[in-house]
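The values are calculated or read from the model by the stated rules, or taken from the named source; none is laboratory data. Here the structure is a predicted model, which is why all the values come from computation and not from measurement. We place every Cβ from the backbone using ideal geometry, glycine too, and count neighbours over all the protein chains shown.
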Amino acid sequence: MKIAVIGGGAAGLIAAGTAGSNGADVTLFEKNDRLGVKLRITGKGRCNVTNNCDRQSFFDNVVSNPRFLYSAYSEFTTADTMTFFEGLGVPLKTERGNRVFPVSDKASDIAEALIRYCEASGVTVKHERVKRLSNDGGFAVTTSGGEYKFDKVIIATGGLSYPRTGSTGDGYKFARYLGHNVTETSPSLVPLICSDGLCGQCQGLSLKNVTLYVYDNENDKTVYSEQGEMLFTDNGVSGPLVLSASAHMSDIREGKYGLFIDLKPALDVQTLDKRLLRDFSENKNRDIINSFSALLPSKLIAPFLELTGIPRDKKVNSITVSERAAIVGYLKKLPLHVISAEKIEEAIITRGGVDTKQIEPKTMQSKLVKGLYFAGEIIDCDAYTGGFNLQIAFCTGYAAGYHASQT
């Protein structure tokens, strides 16, 4: 059984190694000079391998087509992923949010473990770009180095995010050529660009333990709310909360979505007003701008006061009831106006991909072309941050590799 795996990322490496370890003659094609390029930079170079959670929690964190993954996940769970890498000599640790990392904090350890797995499984690696994939009584893979014949092919070329790592959408082209529908692709887990000057003024400021709300202005409903951490950038917002929020925002354009930050989610309006009165009584002879150090990070105080319309040099003892209500209102609901998402090159993953209706969920084999399989980000499945997207890559890669190796 001769199998080609196109793409040497997380999904492609585990697919190739699994197929090889089950007796197949596997050739892995990777256009980069080294394998696992994107994998080596994930998690800021630390690699959030998976999430140490139960089955239900995993599926609660899959945004697109979770039901499609039921069978593949059952064959290779988050626990299986952890056992797999520790069996390859990479000790793991679980951190906040059940996020799993190598003890070494080196993403390269994960990439190298997968490479060793492929080597031990007899996988042949060719650093050649696949230019064409055709199917005529078998598969012909045409590369920069020639043409090769295979019985089966696994496409694991990734999406469109981080194109400098090789994710340039080649797999979508192959899938379409072989008759598959590719759903609309867009950036997901991506920073957001806002029109508010406050963002640039607060650039680099990280907010912890705040609640972020995303409001869909066109459909008049809240589509996301979660407590956690976020970050102001020079032209908008980023950080874990924002990246997860972006997974719930489609067709992001000016005016469609509004963001609201509850800066004090632990306090209701009445309790916060009492807290403000207490702070004001202790600072009654000071300028208002000098009385917020216990409530807000210093970088946020001036732009926050601009929003309220209260002069920064106004004395605390002359603040009116309506001005105090405005302060409480903005503390509980600081508005930001979204213009767009950052370009897909800045996204962690791609939303959209090969239509799951055309893929057999247990085996990852195409329902249209026998012997053709898909794995990883090329499939229309995506999830929140926290190791869930790599888990999708590993379980779909394992399923494709195992079932492709069976006659």
Quiz item: Somewhere in region 263-279, is a residue of a type outside the set (V, I, T), buried (at least 16 other Cβ atoms within 10 Å of the Cβ) and closer than 30 Å to D380 by Cα?
Solution: no
Practice problem: For residues that are free of Cβ contacts under 8 Å to residues at least 12 places away in the same chain and assigned to a helix (DSSP H, G or I), scanning just region 311-324, find the one that is farthest from R286 (Cα to Cα). | Solution: S322
Quiz item: Which condition breaks for G97 when tested against (1) part of a helix (DSSP H, G or I); (2) at pLDDT 95 or above?
Solution: (2)
Quiz prompt | Residue list for region 166-214, restricted to those being charged (D, E, K, R) and in a loop (DSSP other than H, G, I, E, B) | solution = E184, D196
Self-check item: Every residue from region 348-384 that is over 21 Å from R40 (Cα atoms), acidic (D, E) and touching a residue at least 40 places away in the same chain (Cβ under 8 Å)
Solution: D355, D380
Self-check item: Matching residues, region 1-37, being surrounded by 24 or more Cβ atoms within 10 Å (Cβ to Cβ) and either part of a strand (DSSP E or B) or free of Cβ contacts under 8 Å to residues at least 12 places away in the same chain (or both)
Solution: I3, A4, V5, I6, V26, L28, F29
